[in-house]
Amino acid sequence: MENPLTPEVLADPVALTRALVDIESVSLDEKEIADCVEEVLRAVPHLTVARHGNTVMARTELGRAKRVVLAGHLDTVPLNNNFPSTVQGDLIYGCGTSDMKSGVAYALHLAVSVPNPRYDVTYFFYEAEEIESRFNGLTLVAAAHPEWLSADFAVLLEPTHGVVEAGCQGTMRAVVTATGRRAHSARSWNGRNAIHGIGPAIERLAGYQARMVTIDGCVYREGMNAVRITGGVAGNVVPDLCEMEVNYRFAPDRTAEEAEAHVREVFDGFEVRVTDSAQGALPGLTAAPAQEFLAAVGEAPVGKLGWTDVARFAALGIPALNFGPGDPNFAHHPEEHVEIGKIRDGAATLHRWLASD
Ligand SMILES: [Zn+2]
């Protein structure tokens, strides 16, 4: 097959977005798109290229004082009658237009067209971001070639609608349990009702005042919510067990351990079992390349509320942020689209930041 990523297409981030969208790449089916990207990058004299699975890494080796990462995932969620792409006015519709082939187009366009960046740059085009973490290209690279990830700053080109979303919140799930004693409901005084017993825990959640935390100018708004509740044995039995699952989204000034301690404090007197937790990421916007990035964008950053791969970089001590043209509200949506004007604006911003002349 002819590689659709021709020099003319690579020169234009809008045409490149369409061409990338039109190579189908649902998670675990990224070979074709990775082949196309790798072939293009291998032809560029100022890049060193390596591949692990369907993750392609390309980097400059210019001896600059700082190294930055630009990263985008090649996979999409399953198609939803939105393939291939179509254009209506200023909008490109199609699976992956927002999340995140328009961002991948930035990285690929810059990789081929900026031979003298002001920092050394490592470009990642990685597989399987949309599915479980064990398949994620960055997870696999961190295990197999950790040195590929070393950098002073990272930009993930996930959809942010052209604003800088820095850091990300952590997330924790915990099960709060009330226990009682079973009895026939006709003689309920012989038992102790565990569903009634969970009541005070629900009241604590309903009255919970979530924190708003400002870090490096970014506001992170926390939340603690009951997301599931189970209990009950039969229509004539006083239940002896009630379990409530709670999801706590916490600002990145708290570690996972501190978040757990807080959840235990809120539910003091109840049995609490943490089932899942992922620490957030501090915005880290004081690093020099981050400051220069914000200057190029020229708008105030906001806190990222969902969990993204920036946390992987933060865990390695690398400050990271999200910046991409797609509207995150339309990611994973049958009407997924991206604005052509936003693609052009963001590409100009990245050029301003990265090009040394
Ligand atoms: Zn994404």
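The values are calculated or read from the model by the stated rules, or taken from the named source; none is laboratory data. As the structure is a prediction and not an experimental result, all values here were calculated from the model. No Cβ is skipped: glycine too gets one built from the backbone with ideal geometry, and neighbour counts run over all protein chains shown.
What to note about this one:
- Residue check, T86 surrounded by 18 or more Cβ atoms within 10 Å (Cβ to Cβ) and either within 15 Å of I343 (Cβ to Cβ) or among the polar types (S, T, N, Q) (or both): no
- Selection status of A105, touching a residue at least 60 places away in the same chain (Cβ under 8 Å) and within 14 Å of the ligand (Cβ to nearest atom): yes
- Total residues in the stretch 54-79 satisfying the condition of being in contact with a Phe, Trp or Tyr (Cβ under 9 Å, 6 or more places away or on another chain) and assigned to a loop (DSSP other than H, G, I, E, B): the figure is 8.
- Residue within the stretch 80-99 that is aliphatic (A, V, I, L, M), out of contact with any His (no Cβ under 9 Å at 6 or more places or on another chain) and assigned to a loop (DSSP other than H, G, I, E, B) present: no
- Residue that is surrounded by the fewest Cβ atoms within 10 Å (Cβ to Cβ), among those in the stretch 109-145 that are within 16 Å of the ligand (Cβ to nearest atom), in a helix (DSSP H, G or I) and among the hydroxyl-bearing types (S, T, Y): S133
- H161 meets the conditions (1) farther than 30 Å from V227 by Cβ; (2) surrounded by fewer than 22 Cβ atoms within 10 Å (Cβ to Cβ); (3) within 16 Å of the ligand (Cβ to nearest atom) in every case but one. The failed one is (1).
- Out of T55, T76, sole residue that is touching a Leu at 6+ places or on another chain (Cβ under 9 Å), at pLDDT 95 or above, buried (at least 23 other Cβ atoms within 10 Å of the Cβ) and within 30 Å of E335 (Cβ to Cβ): T55
- Residues in the stretch 71-94 that are within 12 Å of the ligand (Cβ to nearest atom) and either free of Cβ contacts under 8 Å to residues at least 40 places away in the same chain or not polar (S, T, N, Q) (or both): A71, G72, H73, L74, D75, V77.
For every residue, the table says whether it meets (1) within 31 Å of the chain's Cα centre (by Cα); (2) without any contact (Cβ under 8 Å) to a residue 24 or more places away in the chain.
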{"residue": "R182", "(1), (2)": "no, no"}
{"residue": "R192", "(1), (2)": "no, no"}
{"residue": "I202", "(1), (2)": "yes, no"}
{"residue": "L205", "(1), (2)": "yes, no"}
{"residue": "T214", "(1), (2)": "yes, yes"}
{"residue": "G232", "(1), (2)": "no, no"}
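- Filter result (more than 18 Å from Y106 (Cα to Cα), hydrophobic (A, V, I, L, M, F, W, C) and crowded, with 16+ Cβ neighbours inside 10 Å) within the stretch 1-37: V26
- Filtered residues of the stretch 10-52 (kept if among the basic types (K, R) and touching a residue at least 60 places away in the same chain (Cβ under 8 Å)): R18
- Of the numbered criteria (1) away from the ligand (no atom under 16 Å from the Cβ); (2) in contact with a Ser or Thr (Cβ under 8 Å, 6 or more places away or on another chain), the one T177 fails is (2).
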